[in-house]
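Asker: Okay, handing you the structure first.
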Amino acid sequence: MLDRFDLHRRVRAAGVHLLLSGMVAAICAALVFLLWYPGPYRKLSGGGSLFLLVTTVDVIIGPLLTFAVFNPGKGWRHLRRDLAVIACLQFAALGYGLHTVYQVRPVALVFEKDRFRVVSAANVYEPELGKGRREYDRLPLTGPWTLGARPPREGAETTEAIFLALKGYDVAHRPIFWQPYDESKAEALRLARPLSVLIEHYPQGRVQVDATLAELKLDPDTTKFLPLLARVDAVVLLNERGDVAGFAPFDGFF
């Protein structure tokens, strides 16, 4: 049974470990949310909840293990070895978690046909990387591109698109179809619906819509929307020029 002195030292050691773990988690959070999941993408791509799960487990388990093994009576040589093993396990778990977060990071917001889609790195059809436009040969590390996707040409390209779609790779996931959003902007604006339609469908969300428009400094009379395929229900808001101006948390498929 621990005496008061041992308990005090164990708690202090676990507290120091918790502080250090929190500092490492803060640095990782800056990497994740400033580069990989900037702005609204932490919600649209589920990055916030995934990172919270990874870091919470890692930050809590390490200090708990330190509390369990910290006993100066073992001798400092033995104790240092135990703490080194815990640190290695903790860094390995954190590294694996960050790798998972990296693999599912959003790399593109793509307009396809009549909607937008948030595409993650894990969903890109990798065999086509390097076969499309040169500027899209490598996936971004500092937040997603805003792109358009040209429709498949009739014939073999359409047939292949159908078969790959059945495997989970839609046009937006395939780099050979990616093009600058400016080349798709006119079509996106043509297919977008007036914001009044969204408000009419979700009258209870009027206050939230107004707050979003005020925050983004958008004119409700000229703002339009298109549905978005992402981890959460959302619509893409377009300004009068067809530029992507922001997002609103409503299901746009109606």
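Asker: Which FRET efficiency value, to the nearest 0.05, do you get for T56 and A165 by plugging their Cβ-Cβ distance into 1/(1 + (r/R0)^6) with R0 = 35 Å?
Answerer: E(calc), rounded to 0.05, equals 0.45.
Asker: Describe numerically, in nm with one decimal, the distance between label points set 7 Å from Cα along Cα→Cβ at R77 and at T158.
Answerer: 7.7 nm
Asker: Could you list log10 I(q)/I(0) for the stretch 143-252 at q = 0.16, 0.17, 0.24 Å⁻¹, which the Debye formula gives when each Cα is one point scatterer?
Answerer: These q points yield log10 I(q)/I(0) values of -0.79, -0.87, -1.31.
Asker: While we're on this one: Any aspartates and glutamates with Cα under 14 Å of the K43 Cα? List them, leaving off those in the same chain fewer than 8 positions away.
Answerer: Within the straight-line cut-off, K43 pairs with D233.
Asker: Assigning unit charges at the beta carbon (Lys, Arg +1; Asp, Glu -1) and nothing else, what dipole magnitude in debye, to the nearest 20, does the chain show about its Cα centre?
Answerer: It comes to approximately 1180 debye.
Asker: Against the longest principal axis of the chain, how steep is helix 4-31, in degrees 0 to 90 to the nearest 10, with axes from Cα atoms?
Answerer: Approximately 20 degrees, to the nearest 10.
Asker: Report the chymotrypsin sites (Phe, Trp or Tyr not before Pro) located in the stretch 62-148 that are in a DSSP loop and have at most 12 other Cβ atoms inside 10 Å of their Cβ, or state none.
Answerer: Within the stretch 62-148, no chymotrypsin sites (Phe, Trp or Tyr not before Pro) qualify (loop, at most 12 other Cβ atoms within 10 Å).
Asker: Which Cα, out of V107, T142, V85, lies furthest along the positive dipole direction of the chain (beta carbon charges, K/R +1, D/E -1)?
Answerer: V85
Asker: Say a site is exposed when it is one of the GluC sites (Glu not before Pro), sits in a DSSP loop, and has at most 15 other Cβ atoms within 10 Å; what is then the longest site-free stretch of the chain?
Answerer: 1-153
Asker: Additional query: Estimate the FRET efficiency between A26 and V207 by the formula 1/(1 + (r/R0)^6), using the beta-carbon distance for r and 41 Å for R0, to the nearest 0.05.
Answerer: The pair A26/V207 has a calculated efficiency of 0.75.
Asker: Moving to a separate point now. Give the distance, in whole Å, between the Cα centre of the stretch 188-229 and the Cα centre of the stretch 120-173.
Answerer: Rounded to whole Å, the Cα centres lie 29 Å apart.
Asker: Rounded to the nearest whole Å², what accessible area per residue is found for the chain with the 1.4 Å probe?
Answerer: Result: 57 Å² per residue.
Asker: Let me ask another. Roughly how many percent of the accessible protein surface of the chain is carbon and sulfur, given a 1.4 Å probe and a whole-percent answer?
Answerer: Its accessible area is 61 percent carbon and sulfur atoms.
Asker: Pull up all non-local amide H partners of A245: gap of 5 or more, or a different chain, and H-to-H distance under 5 Å with H placed in the peptide plane.
Answerer: Long-range HN contacts for A245: L237, L238, N239.
Asker: Based on the Cα gyration tensor of the chain, what are the three equivalent ellipsoid semi-axes, each the root of five times an eigenvalue, rounded to whole Å and given largest first?
Answerer: Equivalent-ellipsoid dimensions as semi-axes: 47, 24, 13 Å.
Asker: For labels at K131 and A214 in the simple 7 Å Cα→Cβ model, what's the distance in nm?
Answerer: It works out to 5.1 nm between the two label points.
Asker: Taking the stretch 1-77 on its own, what percent of its Cα-Cα pair distances exceed 17 Å?
Answerer: 55 percent
The values are calculated or read from the model by the stated rules, or taken from the named source; none is laboratory data. Only a predicted model underlies this, so the values are computations on that prediction, with no experimental measurement involved. All Cβ positions, even for glycine, are placed from backbone atoms using ideal geometry, and neighbour counts span all protein chains on display. These area figures cover heavy atoms from the full protein model, side chains too; ligands, DNA and RNA do not enter into them. Shrake-Rupley method; radii C 1.70, N 1.55, O 1.52, S 1.80 Å.
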